[in-house]
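Notes to accompany the following structure.
The values are calculated or read from the model by the stated rules, or taken from the named source; none is laboratory data. Note that this is a predicted model, so its numbers are computed, not measured. All Cβ positions, even for glycine, are placed from backbone atoms using ideal geometry, and neighbour counts span all protein chains on display. Heads up: the accessible areas ignore ligands, DNA and RNA and are worked out on the full protein's heavy atoms, side chains in. Shrake-Rupley method; radii C 1.70, N 1.55, O 1.52, S 1.80 Å.
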Amino acid sequence: MQLGRLEPQFLHYLIRAALAPGDPLPTLAEIGEEMGVSVGKLREQLAFARQLGLVSARPRVGMRREAFDFTPAILPSVLFSLATGESTFAQFSQLRRTLETAMWPQAVTRLTAEDLAHLRGLVDAAWDKLRGDPAAIHIPNGEHRDLHLTIFRHLDNPFVQGILRAYWEAYEASELTRLADYSYWLTVWEYHERLVDALCQGEFDRGLQILIDHFELLPTVSVPA
C-alpha cells in the first residue's frame, strides 16, 4: 500500500512501527522526535486515531494500539446522514440485508455447538420478557441484536462485521420499533425461533428463507432527526 494516500502522519507511524493490537506506544514526545513532527500536531492526530478506535489512551496505562474495528469509522457518518435526512435507514437496512443474505452460507457453517446453545438461550430469554407479567413486559432489544450478530460472529471479514455492528447502533438510534405493538414483537420472535430451530437442525437453506422473510417485518418509517 502507498502510504502517501493515508493521512494523518500518526497513522503512518502506527503502520511503520508494526505495532500489534495491545502493544504500548511511546510517548508523543518520543514519536514526534522520531518523525520530526510537533507534539501539538501529534496530539491532534492522536485524537483522530482514538476516534477511529485504533489507539486507546488511559491514565497510568498510556497509549496502546487497538485492533482494527470498522464500526467507529463509519458509524458517525451513518448517524449524521440519517439525522440530516441525506440518507434513510431503509437504505442502510438494504445494505445489511444484502450482506447477511450473501454471507449466510459462510457464516452458518462456522457456528459451534456453543453458539447454537447461546442462540437457543436468547430465544428463551426473549420469550421470558414477552410472555412474563403483562404489567412488566420488556422488549428484548438486546436479545434481538445479539441473536443476529451471533449468527455472523465467526465471519473473518472486519468490514462486514463493522457494517453489521453499525447497523444495530443505527437501528437503536432510529427507534423504528419504539411504537410497535405487542403483536409485532410476538411475530418477530416467532420468526427468530423458527430461524434458530433451522440452524440447530442444520437446515441452512430453510434458515436463509426464514431470514429473508423476516426482513419484511421491519416497519418503514422516517428516522427522527
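For segment 140-149, a residue qualifies if it is in contact with a helix residue (DSSP H, G or I) (Cβ under 6 Å, 6 or more places away or on another chain) and either closer than 17 Å to Glu169 by Cβ or touching a residue at least 60 places away in the same chain (Cβ under 8 Å) (or both), and the qualifying residues are Glu143, Arg145, Asp146, Leu147. In the set (1) surrounded by 15 or more Cβ atoms within 10 Å (Cβ to Cβ); (2) modelled with pLDDT of 95 or more, the condition left unmet by Lys41 is number (2). Could you check segment 55-69 and list, in sequence order, the residues that are in contact with a strand residue (DSSP E or B) (Cβ under 8 Å, 6 or more places away or on another chain) and either surrounded by 14 or more Cβ atoms within 10 Å (Cβ to Cβ) or assigned to a loop (DSSP other than H, G, I, E, B) (or both)? Matches in segment 55-69: Val55, Ser56, Ala57, Met63, Arg64, Arg65, Glu66.
Checking each residue in segment 124-139 for being open to solvent by 60 Å² or more (accessible area, probe 1.4 Å) and at pLDDT 90 or above picks out Asp124, Asp128, Lys129. From the set of residues in segment 66-87 that are of a type in the set (Val, Ile, Thr) and within 18 Å of the chain's Cα centre (by Cα), which is nearest to Ala18 (Cα to Cα)? In this case the residue turns out to be Thr71. Within the span defined as segment 77-87, one or more residues are closer than 19 Å to Phe159 by Cα and surrounded by 14 or more Cβ atoms within 10 Å (Cβ to Cβ). For beta carbons closer than 6 Å, sequence separation of 6+ or different chains, a first residue in segment 58-72 that is at positive phi and β-branched (Val, Ile, Thr) and a second that is at pLDDT 95 or above and not in a helix (DSSP H, G or I), there are no qualifying pairs.
Checked against (1) at pLDDT 95 or above; (2) under 21 Å from the mean Cα position of the chain (by Cα); (3) open to solvent by 10 Å² or more (accessible area, probe 1.4 Å), Glu175 passes all but a single condition, namely (1). As a summary of the residue check, Ile151 satisfies the conditions (1) farther than 30 Å from Pro24 by Cα; (2) open to solvent by 20 Å² or more (accessible area, probe 1.4 Å); (3) aliphatic (A, V, I, L, M) except for the one numbered (2).
Total residues in segment 154-171 satisfying the condition of being out of contact with any helix residue (DSSP H, G or I) (no Cβ under 7 Å at 6 or more places or on another chain), part of a helix (DSSP H, G or I) and open to solvent by 70 Å² or more (accessible area, probe 1.4 Å): the figure is 1.
Okay, residues lined up against (1) among the acidic types (Asp, Glu); (2) out of contact with any helix residue (DSSP H, G or I) (no Cβ under 7 Å at 6 or more places or on another chain); (3) under 26 Å from His154 (Cα atoms); (4) surrounded by 12 or more Cβ atoms within 10 Å (Cβ to Cβ):
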| residue | (1), (2), (3), (4) |
| --- | --- |
| Gln9 | no, no, no, yes |
| Gly22 | no, yes, yes, no |
| Gln45 | no, no, no, yes |
| Arg50 | no, yes, yes, yes |
| Gly53 | no, no, yes, yes |
| Gln94 | no, yes, yes, yes |
| Thr98 | no, yes, yes, no |
| Trp104 | no, no, yes, yes |
| Thr112 | no, yes, yes, no |
